Every structure is written in C-alpha cells, then in structure tokens.
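Worksheet: the structure to be examined is printed underneath.
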Amino acid sequence: MDQIPPEKYHDTPQEGPGTGHAAERSGRLVRKFLYVVAAFVVLAIAAAFLYRLWGIELMRRYMTPRVTFEAQAGLSRDAYALTDMWLARPDIAGNPALWVPAGQRAADGGAAVFFIHPTSYLATDHWNAPLDNVEANDRAGLFLRGQASAFNAAGQVWAPRYRQAAFGAFLTTRVDAERALDLAYRDVRQAFDAFLAANPDRPIILAGHSQGGLHLTRLLRERVAGTPLARRIVAAYVVGWPVSRTTDLAALGLPECAGLDQAGCLLSWQTFAAPADASLILNTFDATTGFDGRSRRGTPMVCTNPLTGAAGGIAPASANLGTLFPSADLSNATLEAGRVPAACEGRGLLMIGEGPDVGPYVLPGNNYHVYDYSLFWANVRADAARRLAAFRGQAR
C-alpha cells in the first residue's frame, strides 16, 4: 500500500466523548483483561507456539513496546472519505470481505455492515500501528476473509483501517496502553461516523472480534444506546469479547438475542473445546469493573449459541451449516457442514466438545478464540439474513 499522506492529519489531537470517567473505566477493563483475550488473534498468525513456551510474563517482557507513547494528531475531518482508509468498502477493488468459499456467493442483501477487525500489529516500535504498515494490513485482510465475509450476503461490508493498539499494549498495566487504546478508538469512532454518513437509510449490522469487540462495546455505549440510531440496528455481534449480563448489557442499549428471529439485539460468544481451562480468563474478568460501576466478579457472561441463534442452550453438530477449514497457507478454506457442535455452559463459555482440527492455533486451555467466527461461518451468515428479515418485518 502507498504511504498514507501526511495531509490526512491535523496538527493537534482531536479528543471526543471517549474521555473522562467512561474512558477510565474502559481503561481499567483493558489493563486487566485485554491482554488475556484480544492478543489471542495475533497469536494465530505469529506467536501461538511462543505463547505456549513463554507464558504471559515473558511475553510482557519481550513484546511490550519499549518506547514512550507518542500522542498523535487526530485524523483529518474527511480522512475516511478516502478509499485507502478502508480495508473493506463497497467501491474498492480486491475487497477481502467479499471472499467466499466454494458454493457460496456474495450479494448485497440491503444492509450496511460495520466490521471492526481484531489486532493484527505485532511490532514493538510503536504503541499504535501505523496506517500504512503492510504486515498488519495483510493480517487484517486475512481476518476479514475469515470473519467479516460471513456478512457479505446480508449487505455491504465496511471495515476501516485504524491505528489499532499494538499487541504489546495488551500485556501491560502501563498508562501508555490506555492511551493507545483510546487513540485506536478515536479512529474507529470517526470511521463509524463516516460510515453512517454514507449509509443514511440502510439497516445496520455491527460486528467485531477481540480488540474490535472491545471498540464495538464502546461504540454501542457512546453512539447507539439511547439514540434514534438504535432503531436501525439489525444486530450487534460482539464476538470474542466478554459481556456481563449483570453489569454491562444494560449500558449497551440492546438486549441479548433470545431467539433466532429477533432483531435489534446483541450476540456474543467465546469458544472453548474440552477439556477447557478458562481460569485465566475468568479470574481476570472477575477482577474488572462493569459498565455500571459494579464488580463483574461471579457474573454470567452473554453466551449466544451461534448454531441456534438463541441465548444459551445446546445444539448438535448436525445443526452446524458449515465450518471453515483453512488451507495450510491460509490462502483459502473449504466449508464443511455437520462437524462442530456447540453448547453454552457454566458462566457463559461456548463449548464445542473435543474440537476439530482447524489449524495449529488453538490456544492454551483449549481456547478456540482464533476460530470464533470460522467454526460457525455458515450459521453466522444465516443468522444475519434471518435477523435482517425480522428487522424488515418489524418496519412494516
């Protein structure tokens, strides 16, 4: 990709409603939890084996940025009017979100989809990814092919480049990590506003994964909850990121999806195979404060069963319409039905039995975080179509 021209930036940082007490609470969540979960996507590309060898402490030591956080100017007001600020947009060539496996077809179902990709920046020389970093953008494109592509029959997919927080920002409690995440969110928020301006009438599907799921919860709180925009939301897929039913859900402005034909609701899941060890995630989650100011300790997490579209419950492998099985070089994937069951168990973990062989990036504790979307790709695709139909039925 060409160098991002400097005229895209203002000379002074642009702050917004993400500052203040809400940002502080979000920062506390990030410091205590994000390094456990959001970094897992990055491990899928470059560090899964090293994670198994080193553990969290050594990863903190070697992968946390050693530089001082540098405040950066806000993007220019019209930055996201430019096509090269988007990884996926309806009018760009080579759109990775339009990828489909054999037997499937991308089609514009009439919705507008805003997708926030997970962490793809591994380097330690910056706290935030430069917008023109080739490796990070290539990895983000890979994530869009395996995740955002599930929505390309429901509508047009928009996925912004943003100055994502570096992988190492998820391994530390330093204030620099908070600043990096705030900077990343400001870009996401600005991209979302541009997305809304370009799509004034379409129904909206919101989706993200891991770091993208974190930013999506903040968008929901600041841009959707309690506003007229909430009436345009078909569904919000906060995947690979925990949402406490007790302390978080009310602040997001959307109810948990209770059934497959419901619109205007939120879905979330975190995938594990048996035998699962989720103690690291649960212990860290329990040490955080919810959006309502109460402790998350012991609270249940939203667990949507992607095979049924319902809250909780059990579904056999026969209900799985298709799992993506990637090629060795991750350049393609085949879709195979009936391979993976799903059941919400305990405090809200999505369990899949012994787990399929979908690649070498299953994480410690049998955590299938990397595959949260691809294990249920065809069901997510069908889910989005059903909720869009339900939304249109309500609008009549």
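The values are calculated or read from the model by the stated rules, or taken from the named source; none is laboratory data. Everything numeric here is computed off the predicted structure, so don't read it as measured data. Here the Cβ is made from the backbone with ideal geometry for all residues, glycine too, and neighbour counts use every protein chain on show. Side chains included, ligands, DNA and RNA excluded: accessible areas come from the protein's heavy atoms. Shrake-Rupley method; radii C 1.70, N 1.55, O 1.52, S 1.80 Å.
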(message) 5 Å is the cut-off here: which amide hydrogens, built 1.01 Å from N in the peptide plane, fall below it relative to Asp248, excluding neighbours closer than 5 in sequence?
(response) Phe291
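Carbon and sulfur: what percent of the range 155-298's accessible surface (1.4 Å probe)?
On the way: 2160 of 4160 Å².
Ligands and nucleic acids excluded, carbon and sulfur reach 52 percent.
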(message) Contact order normalised by length for the range 229-387, with contacts defined as Cα pairs under 8 Å and 6 or more residues apart; what percent is it?
(response) 27
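On full extension of the chain, what length is gained from Arg294 through Ala71, given 0.36 nm per residue of separation minus the C-alpha to C-alpha distance?
Working: separation 223, 0.36 × 223 = 80.28 nm, distance 3.12 nm.
Difference between extended and current length: 77.2 nm.
In square angstrom, what is the accessible area per residue of the range 243-396 with a 1.4 angstrom probe?
Values: 5890 Å² over 154 residues.
The answer is 38 Å² per residue.
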(message) What figure, in Å² to the nearest 10, do you get for the accessible area of Arg145 with a 1.4 Å probe and non-protein molecules left out?
(response) 80
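Excluding Ala106 itself, calculate the net charge of residues whose Cβ lies under 15 Å from the Cβ of Ala106, where each Lys or Arg counts +1 and each Asp or Glu counts -1.
Values: positive: Arg89, Arg105, Arg145, Arg381; negative: Asp91, Asp108.
Counting the neighbours of Ala106, the net charge comes to +2.
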